[in-house]
Amino acid sequence: MITVRGGLKGALRWVTRKFGFELVSHSGDGLPEDFDEGHRRVIGAVRAHTMTSPERLFGLIEGVRYVIRHDLPGAFVECGVYKGGSMMAVALTLMELGVTDRDLYLYDTFEGMPEPTAEDVDLHGTPASEHFERLEGDWLACSEERVKEALLGTGYPPERVHFVPGKVEDTIPGTVPDQVALLRLDTDWYASTLHEMRELWPLLATGGVLIVDDYGHFAGARQAVDEYLEQAGERVLLGRLDYTGRMCVKG
């Protein structure tokens, strides 16, 4: 007979772990119990403006806190902003920390995603082009005006916010900051992600934070990141935020 300590809750945990699952406690707002009040405020404020999971937003908030705590130099940069929710989380977290002198750079077409290429396959092996063809209109399009309204609605100083419309292959490196403290990549596809890594990773400060939103979901994004890091001779351990998000600190 197997004896499990901890009563019913302990037994449930033992059984779920036996089959490869984990029980996670959630509070009344649906967020994990280890999220603090700052996480909850920020995530609650941006949920309507993002498809990013609470776990990835948690990692982003922690990344901002880490940058400010260690006084790492540089701007906060996001490639692929959709409705602006992730950069709103950055702005709100900065303001909670009393910081309003950091530049925020938002790169997006603001007209939807460009067509994927052959490298862009999801984690199930389905070509991204099949998803693309099934959708009507511009895939994940949100106008620059709507994003600007949402982001500036946080109260972050508008002179510190830089919107850069167009494909990243066309706008980067012509419109980049001198240095980057936190870099978030969310353009999904191989070609754009590889271009971002080539041009922006060298600008990321030592100790700076890299977040790749679709590393786990799209093979092209993963290939681009792995390919660049190997070619550059960078030894990086990417930590898992959830099934798709990855995060690291530049050594």
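For region 64-84, filtered to residues that are buried (at least 23 other Cβ atoms within 10 Å of the Cβ) and of a type outside the set (D, E), the residue that is farthest from M51 (Cα to Cα) is V67. Taking region 195-251 as the range and being of a type in the set (A, V, I, L, M) and outside any helix (DSSP H, G or I) as the test, the residues that pass are L204, A205, V209, L210, I211, V212, V236, L237, L238, L241, M247, V249. Considering only region 144-156, I want to know if a residue exists there that is under 22 Å from T52 (Cβ atoms) and in contact with an Asp or Glu (Cβ under 6 Å, 6 or more places away or on another chain). No, because not a single residue in region 144-156 is under 22 Å from T52 (Cβ atoms) and in contact with an Asp or Glu (Cβ under 6 Å, 6 or more places away or on another chain).
Residue check, G233 against (1) in contact (Cβ under 8 Å) with a residue 24 or more places away in the chain; (2) over 21 Å from M113 (Cβ atoms), all met but one. Which one? Looking at each condition in turn, G233 falls short on (1). Just a yes or no: is a residue in region 84-97 farther than 22 Å from G155 by Cβ and either in contact with a Phe, Trp or Tyr (Cβ under 9 Å, 6 or more places away or on another chain) or among the polar types (S, T, N, Q) (or both)? No: region 84-97 contains no residue that is farther than 22 Å from G155 by Cβ and either in contact with a Phe, Trp or Tyr (Cβ under 9 Å, 6 or more places away or on another chain) or among the polar types (S, T, N, Q) (or both). Scanning region 54-66 for residues that are farther than 17 Å from L97 by Cβ and either among the basic types (K, R) or within 9 Å of the chain's Cα centre (by Cα) (or both) yields a count of 1. In this structure, is D120 modelled with pLDDT under 95 and closer than 25 Å to D242 by Cα? Answer is yes for this residue.
For T206, indicate whether it is among the polar types (S, T, N, Q) and surrounded by 18 or more Cβ atoms within 10 Å (Cβ to Cβ). Spell out the reasoning first.
Details: among the polar types (S, T, N, Q): yes; surrounded by 18 or more Cβ atoms within 10 Å (Cβ to Cβ): no.
It is false that T206 is among the polar types (S, T, N, Q) and surrounded by 18 or more Cβ atoms within 10 Å (Cβ to Cβ).
Out of curiosity, is D213 out of contact with any Ser or Thr (no Cβ under 6 Å at 6 or more places or on another chain) and modelled with pLDDT under 95? In short, no.
Quick one: would you say A191 is without any contact (Cβ under 8 Å) to a residue 12 or more places away in the chain and under 23 Å from L229 (Cα atoms)? It is false that A191 is without any contact (Cβ under 8 Å) to a residue 12 or more places away in the chain and under 23 Å from L229 (Cα atoms). Check whether at least one residue in region 173-190 is at pLDDT 95 or above and part of a helix (DSSP H, G or I), and report yes or no. Yes, there is a match, as at least one residue in region 173-190 is at pLDDT 95 or above and part of a helix (DSSP H, G or I).
Being surrounded by 15 or more Cβ atoms within 10 Å (Cβ to Cβ), out of contact with any strand residue (DSSP E or B) (no Cβ under 9 Å at 6 or more places or on another chain) and not in a helix (DSSP H, G or I) is the filter here; which residues of region 143-156 pass it? Within region 143-156, T154 is the sole residue that qualifies.
The values are calculated or read from the model by the stated rules, or taken from the named source; none is laboratory data. These figures come from a predicted structure and were not determined experimentally. Glycine gets a Cβ as well: all are built from the backbone with ideal geometry, and neighbour counts include every protein chain shown.
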